[in-house]
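For reference, the structure is listed below as C-alpha cells.
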Amino acid sequence: MKIFPRALALAAGLLAVSAAIAQSYPSAPVTLVVPFAAGSGTDAVARIVAKKLGERLKQPVLVDNRAGANAQIAAQFVAKAKPDGYTLFMTTNTSHSANPSLIANLKYDPIKDFTPVARVGELPFALVVNKNDPARSLKEWIEQVKSHPGKFSYATPNSTSLVASETIKRIAGLDVMAIPYKSSPQALTDLIGGTVQMYVVDLGSGMGMINAGSVRVLGVTTKESLKSVPHAVPIVKEVPGFDLTSWNGIFGPAGMPKPVVDKLNAELQEVLADKEVQKSLSQLGFETWPTRTPEEFAKYVVDQLAHWSALVKQAGIRAE
C-alpha cells in the first residue's frame, strides 16, 4: 500500500515537469530546416508557416535552407541535432518515403532518427513542357515522345519528380532520359530554355511560370482536377495506374520531449486553420492537410514509406 502513494507522487511530479517544459518552450529562436533551395515549393510553404508559427510561439522561427543530395544533407543535419525542439525539419516524401528505396547506403533512418510532429499538407505536382512545345495535351505529348524515341529528356531535382516521371515513362512505354538537378528553379530555367523537354514540378515552384505562360501544364499528379490549374487533367486519366501523393510535414530529431512535440502540434493546428495562412498557401497550389496528433502523423509516415517503396519498384528504379 505504501508504493501506491509514492507512484502517485512520482506521476504528479512527472506531470509537473512536463507542464513546466511545455510552458517554458520556446525561450529562444527556433530553426526550421528545409532540404531544398530557396524558391522551391517546400521553401515557400515553410516561410509562410514559419512566420505564423513564430507569432504564436512568440519567438522567431528561422528558415534554414540546406539543399543537396536529394534532401540527405538536411536530413542528416537534423537527425544529429539536439532533440530540444529548437531544430525542426520541414520535409517531404522525398526524404521520408522515397529515399530509402532510391539510395542504397542512406545515412539516416526516416523512422528511428526523427520525431514526427505534424503533417502539414499536400503540394501537388504538375507535368509541364516548354510553351512552344506543339503538344496541347498529355495524350499528344506521349504520342510525340513515342514518335521520337531517345530525343526527349526530363528534369529531376527531387525524388517526387523522379518517381513520377519514371512511372509515366514505364506505364506509357516512353524512351526519355533523366537529367538530374540540384534545385527546382534551375530545372525550370532549363525547361524554358529548351535544355530539357519535360518536368514534373511542384506547384509551389512552378505556379509563377505557369501563370506567366512561360511553361504549359499538361497534367497534374492529383486524382482530381485542381482549382489552381483547372484546365490540366489528372495524369492518371491518361496514364492508368499512376498514383502519387506528395506530402509535406514537420519533424524533429529523435527523442524530443513529448510536451514540446504536443505543444508544437497544437500550435501548428492553429497555424494551418488560420484563414490568412490558408489563402497564402492556396496561391501556391498547396492543400493544407494536418494530422490531429503526432501519433497519427507517425503512422502516416510508416504507411507512406511502404507505399513509396511499391511506387519505386513499380517504376523500375534501382537504388544507387
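Computed on the Cα trace of region 255-320, the radius of gyration divided by the Kirkwood hydrodynamic radius gives Rg/Rh = 1.12.
Suppose only helical runs count, i.e. DSSP H with n ≥ 4. What mean residue ellipticity at 222 nm does that imply for the chain under -39500 (n - 2.57) per run, divided by all residues and rounded to the nearest 500 deg cm²/dmol? After summing the helix terms and dividing by the residues of the chain, the value is -14000 deg cm²/dmol. Here the contact order of the chain, divided by its residue count and restricted to Cα pairs under 8 Å and six or more residues apart, works out to 28 percent. Loop-located GluC sites (Glu not before Pro) in region 177-267 (DSSP state other than H, G, I, E, B) with a sparse environment of at most 12 neighbouring Cβ atoms within 10 Å: GLU224. Mean projection of the Cα convex hull over all viewing directions, computed for the chain: 17.6 nm². Here region 156-174 and region 47-80 have alpha carbon centers that stand 28 Å from each other. If you run the Gaussian network model on the chain, springs between alpha carbon atoms under 10 Å, then out of ASN65, ASN99, ASN211 the most flexible one is ASN211.
Take every DSSP beta bridge whose two residues both sit in the chain, then give the antiparallel share in percent to the nearest 5.
Working: 22 of 38 bridges.
Taking every DSSP beta bridge within the chain, about 60 percent pair in antiparallel fashion.
With all protein chains present, calculate the accessible area of GLU140 using a 1.4 Å probe and round the result to the nearest 10 Å². The value for GLU140 is about 80 Å².
For region 157-171, backbone phi angles converted through the Karplus equation (6.51, -1.76, 1.60; θ = phi - 60°) give residue-by-residue couplings of x, 7, 5, 5, 4, 5, 5, 4, 5, 5, 5, 4, 4, 6, 5 Hz, Gly and Pro being listed as x.
Scalar couplings 3J(HN,Hα) for region 37-48, obtained by applying the Karplus form with A = 6.51, B = -1.76, C = 1.60 to θ = phi - 60°, are 5, 4, x, 6, x, 5, 4, 4, 5, 4, 5, 5 Hz; x denotes Gly and Pro. For region 159-212, what does the alpha-carbon gyration tensor say about shape, rounded, prolate or oblate, given a ≥ b ≥ c as the root eigenvalues, a/c under 1.5 as rounded, and a/b over b/c as prolate? Because a/c hits 1.5 or more and a/b exceeds b/c, region 159-212 counts as prolate.
Figure note: HIS231, HIS96, HIS148 ranked by solvent-accessible area, largest first, 1.4 Å probe, ligands and nucleic acids not counted: HIS231, HIS148, HIS96. Total lysine pairs in region 73-157 at Cα distances under 19 Å, for residues eight or more apart or on different chains: 7. Cα gyration tensor of region 90-136, axes a ≥ b ≥ c as square roots of the eigenvalues: rounded (a/c below 1.5), prolate (a/b > b/c) or oblate? Judged from the Cα gyration tensor, region 90-136 comes out oblate (a/c at least 1.5, b/c at or above a/b). Label-to-label distance, SER137 versus LEU62, with points set 7 angstrom from Cα along the beta-carbon direction: 5.2 nm.
Rounded, prolate or oblate: which one fits region 136-289, using the alpha carbon gyration tensor with axes a ≥ b ≥ c (rounded when a/c is under 1.5, else prolate when a/b beats b/c, else oblate)? Because a/c hits 1.5 or more and a/b exceeds b/c, region 136-289 counts as prolate.
Rank these by accessible area, largest first, 1.4 Å probe: MET177, MET207.
Values: MET177 115, MET207 15 Å².
These residues rank, largest area first, as MET177, MET207.
I'd like the carbon and sulfur percentage of the solvent accessible area for the chain, probe radius 1.4 Å, heavy atoms only, ligands and nucleic acids excluded. Carbon and sulfur together cover 56 percent of it.
Within the listed set PRO259, PRO60, PRO240, the Gaussian network model of the chain (springs between alpha-carbon atoms below 10 Å) gives the highest mean-square fluctuation for PRO240.
Measuring only protein heavy atoms, the 1.4 Å probe finds SER153 accessible over about 20 Å². Around the amide H of VAL63, modelled in the peptide plane, lie the amide H atoms of LEU32, all under 5 Å away and 5 or more residues distant in sequence or on another chain. Placing a pseudo-label 7 Å from each Cα along the Cα-to-Cβ vector at LYS227 and LYS80 gives an inter-label distance of 4.4 nm.
Accessible area per residue was computed with a 1.4 Å probe on protein heavy atoms; ASP84 scores about 50 Å².
The amide H of VAL120, built 1.01 Å from its N in the peptide plane, has ASN248, GLY249, ILE250 as neighbours under 5 Å, considering only residues 5 or more places off or on other chains. Applying the criteria of a DSSP loop state and at most 12 other Cβ atoms within 10 Å to the trypsin sites (Lys or Arg not before Pro) of region 129-200 yields ARG136, LYS151. Relative contact order of region 112-188: 29 percent, from C-alpha pairs under 8 Å at least 6 residues apart in sequence. Of the listed residues SER40, SER309, SER101, the order by accessible area with a 1.4 Å probe, largest first, is SER309, SER101, SER40.
Result for the chain in a Gaussian network model with C-alpha springs under 10 Å: among ALA46, ALA273, ALA155, the largest mean-square fluctuation is at ALA273. Simple rule: put +1 on each Lys or Arg Cβ and -1 on each Asp or Glu Cβ in region 159-278, find the dipole, and look at LEU191, THR222, ALA212; the Cα lying farthest toward the positive end is LEU191. Close Lys pairs in region 166-308, defined as Cα atoms under 29 Å apart and 8 or more places apart or on different chains, number 20.
The values are calculated or read from the model by the stated rules, or taken from the named source; none is laboratory data. Since we're looking at a predicted model, the values are computed, not measured. No Cβ is skipped: glycine too gets one built from the backbone with ideal geometry, and neighbour counts run over all protein chains shown. What goes into the accessible areas is simple: the full protein's heavy atoms, side chains included, and nothing from ligands, DNA or RNA. Shrake-Rupley method; radii C 1.70, N 1.55, O 1.52, S 1.80 Å.
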